[in-house]
Amino acid sequence: QVQLVESGGGLVQAGGSLRLSCAASRSIFSINVMGWYRQAPGKQREQVATITNGGSTNYADSVKGRFTISRDNAKNTVYLQMNSLKPEDTARYYCNTYPIRYNYWGRGTQVTVSS
C-alpha cells in the first residue's frame, strides 16, 4: 500500500505549460510501471503516459510530443511535464501504477486550459 499525492495543476491559457508531481509515501522502486491518467467530466478515464523503472515511456497519441513523463525513484516522485497545452487537456490528472491499483488513487490535481 502506498499513498500518492498529486500536485502542480492550475489554470493556464492555451499554449502554456505545467509540471505535475506525484509524491509517493514510500519507495516506488519495486513498482515497475508508473503512469499518469486523466478524466474529464462525462468522459472515460484516459491513460496519458507510462514509464518503467528502466525509463521506457509510452504516451497517448493525443499528448505525444507535448508531454514528458519522468520518475525519480530516490525522491519517490513521478513527474509529468506538459507543454503546448490545449483546451482538450482540461481534466483532473491522477497518478497510479500500471496496471492500476485502485487503492492507490489519490485526490488528483485539476488542470484547466482556457481557449
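The values are calculated or read from the model by the stated rules, or taken from the named source; none is laboratory data. Since the structure is predicted, the reported quantities are computational estimates derived from the model, not experimental observations. So basically every Cβ, Gly included, is an ideal-geometry build from the backbone, and we count neighbours across all protein chains shown. With ligands, DNA and RNA removed, areas are computed over all heavy atoms of the protein, side chains included. Shrake-Rupley method; radii C 1.70, N 1.55, O 1.52, S 1.80 Å.
What to note about this one:
- Residue count for the range 1-29, restricted to those that are outside any strand (DSSP E or B) and free of Cβ contacts under 8 Å to residues at least 60 places away in the same chain: 5
- Residues of the range 99-115 classified as under 19 Å from residue 35 (Cβ atoms), polar (S, T, N, Q) and open to solvent by less than 50 Å² (accessible area, probe 1.4 Å), total: 1
- Among the residues of the range 32-66, the ones that are in a strand (DSSP E or B) and more than 13 Å from residue 95 (Cβ to Cβ) come to 5 in all.
- Residues of the range 78-90 satisfying the condition of being over 11 Å from the mean Cα position of the chain (by Cα) and either crowded, with 20+ Cβ neighbours inside 10 Å or in a strand (DSSP E or B) (or both): 85, 89
- Of the set (1) of a type in the set (S, T, N, Q); (2) free of Cβ contacts under 8 Å to residues at least 60 places away in the same chain; (3) surrounded by 13 or more Cβ atoms within 10 Å (Cβ to Cβ), all apply to residue 96 but (2).
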